[in-house]
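Notes follow the structure.
No value in this document is a laboratory result; all are computed from the given coordinates. These figures come from a predicted structure and were not determined experimentally. All Cβ positions, glycine included, derive from the backbone under ideal geometry; neighbour counts span all protein chains shown.
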Amino acid sequence: MTVKLGIVMDPLESIKPRKDSTLAMMYAAQERGWRVFEIQQQGLFVNNNEVLARHREVRVSLDETAWFTTLNTTSTPLADFDLVLLRKDPPFDMEYVYTTYLLELAEKKGLLVLNRPSSVRDCNEKLYALQFPDCCPPHAVSRDPQILRDFYEEHQDVIFKPLDGMGGASIFRVGPGDKNLGVIIETLTGHGQRQAMVQRFIPEIEDGDTRILLIN
């Protein structure tokens, strides 16, 4: 029996096919003979305690100029899928939280959802790493501008980043004597209203990094 794979993700039109790992997963599933369905965040809804989705079945390719073709579009219960992958990119806002609630409702009724919605909700991409301090550079997290400034004064060459971003968005490297320090801290913290992270810069990052995706 053919496996039906649903993927909650950003619109296929908006991705960068050369480096999008979700597209690679879709292609790998398709090569195994699975049927692949794109589900956008706004397509999830509940009717009488049943979670449904408006989705489109697609055929994907590795052609960077035409990486998908829509086969059909319809709405069905999420329970019709064999499994659903949660691959929506940040920002992790309240709409993202609501998405995890809807998927969790479907999960409790027997649907296999990967990663678990509760885990995605609880494990912030930036803060979860702090549970493994031996793997982290010196760092600080605060909404207090003075605490962030003090860390910068100690280390001089640092990286500032938001807690809810991805893909390098709003990440700033600040070196010795940088005159933009104040405005960077103001922007990231919203004048002290949002938590932000600062880390000591690691020169080795210029050699690139390696990311491992585990699918079990």
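Please count how many residues of region 100-132 are of a type in the set (A, V, I, L, M, F, W, C) and either under 16 Å from the mean Cα position of the chain (by Cα) or assigned to a strand (DSSP E or B) (or both).
Filtering region 100-132 for residues of a type in the set (A, V, I, L, M, F, W, C) gives 102-103, 105-106, 111-114, 120, 123, 127, 129-130, 132.
Filter once more, keeping what is either under 16 Å from the mean Cα position of the chain (by Cα) or assigned to a strand (DSSP E or B) (or both): 103, 112-114, 120, 123, 127, 129.
Result for region 100-132: 8.
Exactly one condition in (1) in a helix (DSSP H, G or I); (2) within 28 Å of THR100 (Cβ to Cβ) is not met by GLY182; state its number.
Only one criterion is unmet by GLY182, namely (2).
Here is a yes/no grid of residues against (1) surrounded by 15 or more Cβ atoms within 10 Å (Cβ to Cβ); (2) under 24 Å from the mean Cα position of the chain (by Cα); (3) not polar (S, T, N, Q):
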{"position": "PRO176", "(1), (2), (3)": "no, no, yes"}
{"position": "GLY190", "(1), (2), (3)": "no, yes, yes"}
{"position": "ALA196", "(1), (2), (3)": "yes, yes, yes"}
{"position": "LEU214", "(1), (2), (3)": "no, yes, yes"}
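I'd like the residue in region 42-59 that is touching a Phe, Trp or Tyr at 6+ places or on another chain (Cβ under 6 Å) and in contact (Cβ under 8 Å) with a residue 40 or more places away in the chain and, out of all such residues, is nearest to GLY110 (Cα to Cα).
Kept after step one, since they are touching a Phe, Trp or Tyr at 6+ places or on another chain (Cβ under 6 Å), are these residues of region 42-59: 52, 55, 57-58.
Among the residues that remain, those that are also in contact (Cβ under 8 Å) with a residue 40 or more places away in the chain are: 55, 58.
On the way: HIS55: 20, VAL58: 25 Å.
My answer is HIS55.
State all residues of region 150-170 that are in contact (Cβ under 8 Å) with a residue 12 or more places away in the chain, part of a loop (DSSP other than H, G, I, E, B) and either at positive phi or in contact with a Phe, Trp or Tyr (Cβ under 7 Å, 6 or more places away or on another chain) (or both); if no residue qualifies, say none.
Of everything in region 150-170, those that are in contact (Cβ under 8 Å) with a residue 12 or more places away in the chain, part of a loop (DSSP other than H, G, I, E, B) and either at positive phi or in contact with a Phe, Trp or Tyr (Cβ under 7 Å, 6 or more places away or on another chain) (or both) turn out to be GLN156, ASP157, ASP164, GLY167, SER170.
Restricting attention to region 22-62, which residues are over 20 Å from the mean Cα position of the chain (by Cα) and of a type in the set (D, E, K, R)?
Correct list: GLU31, ARG32, ARG35, GLU50, ARG54, ARG56, GLU57, ARG59.
Which one of the conditions (1) within 16 Å of LEU114 (Cα to Cα); (2) assigned to a strand (DSSP E or B); (3) of a type in the set (Ser, Thr, Tyr) does THR22 fail to meet, given that it meets all the rest?
(2)
Residue by residue, here is whether (1) surrounded by 15 or more Cβ atoms within 10 Å (Cβ to Cβ); (2) closer than 28 Å to LEU85 by Cα; (3) of a type in the set (S, T, N, Q) holds:
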residue	(1), (2), (3)
THR99	yes, yes, yes
LEU105	yes, yes, no
ASP122	no, yes, no
VAL141	yes, no, no
PHE160	yes, no, no
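Mind checking which pairs have a first residue in region 79-92 that is under 15 Å from GLN42 (Cβ atoms) and a second that is aromatic (Phe, Trp, Tyr) and surrounded by fewer than 15 Cβ atoms within 10 Å (Cβ to Cβ), Cβ under 9 Å, 6 or more apart or different chains?
Cβ pairs passing all conditions: none.
Can you find even one residue in region 77-87 that is of a type in the set (Lys, Arg), within 19 Å of the chain's Cα centre (by Cα) and surrounded by 11 or more Cβ atoms within 10 Å (Cβ to Cβ)? Explain how you work it out, then say what you get.
Our first condition is that a residue be of a type in the set (Lys, Arg); within region 77-87, this holds for 87.
Right, trim to within 19 Å of the chain's Cα centre (by Cα) and you get 87.
Cutting the leftovers down to surrounded by 11 or more Cβ atoms within 10 Å (Cβ to Cβ) gives us 87.
For region 77-87, residues of a type in the set (Lys, Arg), within 19 Å of the chain's Cα centre (by Cα) and surrounded by 11 or more Cβ atoms within 10 Å (Cβ to Cβ): present.
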